[in-house]
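Presented below is the structure to which this report refers.
The values are calculated or read from the model by the stated rules, or taken from the named source; none is laboratory data. None of these values were measured; they are calculated from a predicted model. All Cβ positions, glycine included, derive from the backbone under ideal geometry; neighbour counts span all protein chains shown. To get the accessible areas, we keep the full protein, side chains included, count just its heavy atoms, and leave off ligands, DNA and RNA. Shrake-Rupley method; radii C 1.70, N 1.55, O 1.52, S 1.80 Å.
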Amino acid sequence: MSRAAGARVRSGAAEDTRATTVVIGLGANVGDRHAALDAALASLRAQPDVRVIACSPRYETAPLLLPGAAPQDRYLNGAVRVTTALEPHALLDVCLAIESALGRVRRERWGPRTSDLDLLFALDADGAPIRVATERLTLPHPGLVDREFALRPLLDVAPELAGHFEGAPRS
């Protein structure tokens, strides 16, 4: 993976200690990937119930492909740490609306995408991991420990979560 930019913390922003903390993975491999991630970040910042606390560096990564799938362009991936009063399914709806506004059309599993926003990990107001297992959402994100393209940016914005991923691959 190549590192494209340093982690940034929103200056002057203090985390709401009673809000849920969520790390959202960002990715794109179609079109202007940097512009797509910039637009996704701007859309998150524009949400009244979402506060962006930190942004990871961006990494260029190889796509995950299903056996027999057509080749794809490389991804640009990153993560943002947010605080929110939204419950996880409501935040998922916000992310899906942003993807749609940025031109994402879901045609195939693990297919090319103009934008991808995934809820990776969430902590409640007391700092305990939030676990969700529904048809629409699984938290922590399934396969996270095996996906360096998601885990590395997550740990950039939430290094205190490293203990949750002992034994995970790192480079």
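Quick notes on this one:
- Positions within segment 154-163 being touching a residue at least 40 places away in the same chain (Cβ under 8 Å) and open to solvent by 30 Å² or more (accessible area, probe 1.4 Å), in sequence order: Asp156
- Scope segment 130-144; condition of a type outside the set (Lys, Arg) and free of Cβ contacts under 8 Å to residues at least 24 places away in the same chain; matching residues: Ala133, Glu135, Thr138, Pro142, Gly143
- Check on Leu66, farther than 25 Å from His34 by Cβ, modelled with pLDDT under 95 and among the hydrophobic types (A, V, I, L, M, F, W, C): yes
- Among the residues of segment 142-153, the ones that are open to solvent by 40 Å² or more (accessible area, probe 1.4 Å) and in a loop (DSSP other than H, G, I, E, B) come to 2 in all.
- Against the conditions (1) without any contact (Cβ under 8 Å) to a residue 40 or more places away in the chain; (2) on the phi > 0 side of the Ramachandran plot, Ala97 satisfies every one except (2).
- Single match in Arg136, Arg51 (criterion: of a type outside the set (Asp, Glu), open to solvent by 60 Å² or more (accessible area, probe 1.4 Å) and assigned to a strand (DSSP E or B)): Arg51
- Contact map, segment 21-37: first residue free of Cβ contacts under 8 Å to residues at least 12 places away in the same chain, second residue crowded, with 22+ Cβ neighbours inside 10 Å and among the small types (Gly, Ala, Ser), Cβ cut-off under 9 Å, separation 6 or more or different chains; pairs are Ala35/Ala28.
Residue-by-condition table, conditions (1) open to solvent by less than 30 Å² (accessible area, probe 1.4 Å); (2) farther than 20 Å from Leu151 by Cα:
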| position | (1), (2) |
| --- | --- |
| Leu26 | yes, no |
| Leu37 | yes, no |
| Ala42 | no, yes |
| Glu60 | no, no |
| Leu92 | yes, no |
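- Cβ-Cβ under 6 Å pairs, at least 6 apart or on other chains, segment 82-94 side more than 15 Å from Glu135 (Cα to Cα), far side of a type in the set (S, T, N, Q) and open to solvent by 40 Å² or more (accessible area, probe 1.4 Å): Val94/Gln47
- Filter pass, Leu102 being at pLDDT 90 or above, within 16 Å of the chain's Cα centre (by Cα) and buried (at least 16 other Cβ atoms within 10 Å of the Cβ): no
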